[in-house]
Amino acid sequence: MSSEEFEKLHEIYNSLYEELRLLPDKSQRCQGEERKRLQRSFDERHGEAEEVLQGMDAELRTAPAAYRSAMSTKLRLHRRDLGKLQREMASSELGIGSSARPTEGGHQGIYSSQNQQSTHLQAQRSLLLQGQESLSSATQSIERSQRIATETDHIGTEIIEELGGQREQLERSRNRLVNTGEHLSKSRKILRAMSRRLMTNKLLLAVIILMELGVLGAVVYLRFFR
């Protein structure tokens, strides 16, 4: 389901569009102050419709991706229809100026000049609104890029700090392994020395036993066999 706010704005736009749609024909059938009043009314309603379309465009940017295509198409059609009405209104004003020549006489040039100025102002307003929308989009894009860059920098800093801590841990582990290797080497030397001493003691003990046996045998021989 698309944005509820988008749908509300869509209904408001439809109401404004229905009012705007009738004004070009009315303006063609009117003259003088009534035509000026219709022109002012058209400009006001047109400005309100543009603001509503801007709100719909803002909702479109935050809408779920699955609905953006349909919402974008709808917004594009509304802009096209609104521009068409604006051209029709300008054309009707120019047409009235031409048809009023037999009745208004010298006022024709004034009305034509006013119509041209109104059309020019509307065109400038449309360009200004488009420029504001482009600037807003660019500003939002820059802000998103800045946020992403800040987050990336923060993540990079955390990774560097974590890698630095892991490096210190690895260095401590390496130092402990080196110390352990040195201790093992010393232990091996001590064990070898102890092993050599044990073998030496065993040999000495064996020699002593043999000597005692020899002495004992000599004593027995001399005492009992001579």
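Applying the criterion of being out of contact with any Lys or Arg (no Cβ under 6 Å at 6 or more places or on another chain) and of a type in the set (D, E, K, R) to the residues of region 11-26, the residue that is farthest from Asp81 (Cα to Cα) is Lys26.
Going by the structure shown, is Gln54 open to solvent by 20 Å² or more (accessible area, probe 1.4 Å) and touching a Ser or Thr at 6+ places or on another chain (Cβ under 6 Å)? So Gln54 does not fit the description; no. Would you check if there is a residue in region 150-169 being under 30 Å from Pro24 (Cα atoms), surrounded by 10 or more Cβ atoms within 10 Å (Cβ to Cβ) and either at pLDDT 80 or above or not β-branched (Val, Ile, Thr) (or both)? Scanning region 150-169, I find no residue that is under 30 Å from Pro24 (Cα atoms), surrounded by 10 or more Cβ atoms within 10 Å (Cβ to Cβ) and either at pLDDT 80 or above or not β-branched (Val, Ile, Thr) (or both), so the answer is no. Can you spot a residue in region 124-140 that is modelled with pLDDT of 80 or more and open to solvent by 60 Å² or more (accessible area, probe 1.4 Å)? Among the residues of region 124-140, not one is modelled with pLDDT of 80 or more and open to solvent by 60 Å² or more (accessible area, probe 1.4 Å), which makes the answer no. Set side by side, the residues Arg45, Arg40, Arg35 differ, and just one is in contact with an Asp or Glu (Cβ under 8 Å, 6 or more places away or on another chain) and farther than 17 Å from Lys84 by Cα, which is Arg35. Being of a type in the set (Ser, Thr, Tyr), buried (at least 16 other Cβ atoms within 10 Å of the Cβ) and assigned to a helix (DSSP H, G or I) is the filter here; which residues of region 3-46 pass it? Residues satisfying the conditions are Tyr13, Tyr17, Ser27. Within region 170-197, being open to solvent by 80 Å² or more (accessible area, probe 1.4 Å) and of a type in the set (Val, Ile, Thr) holds for one residue alone: Ile190.
The values are calculated or read from the model by the stated rules, or taken from the named source; none is laboratory data. Everything numeric in this text was worked out from a predicted model, so none of it was measured. Neighbour counts run over all protein chains shown; Cβ positions are idealised from the backbone, glycine included. Quick note on the areas: whole protein, heavy atoms, side chains included, nothing else; ligands and nucleic acids left out. Shrake-Rupley method; radii C 1.70, N 1.55, O 1.52, S 1.80 Å.
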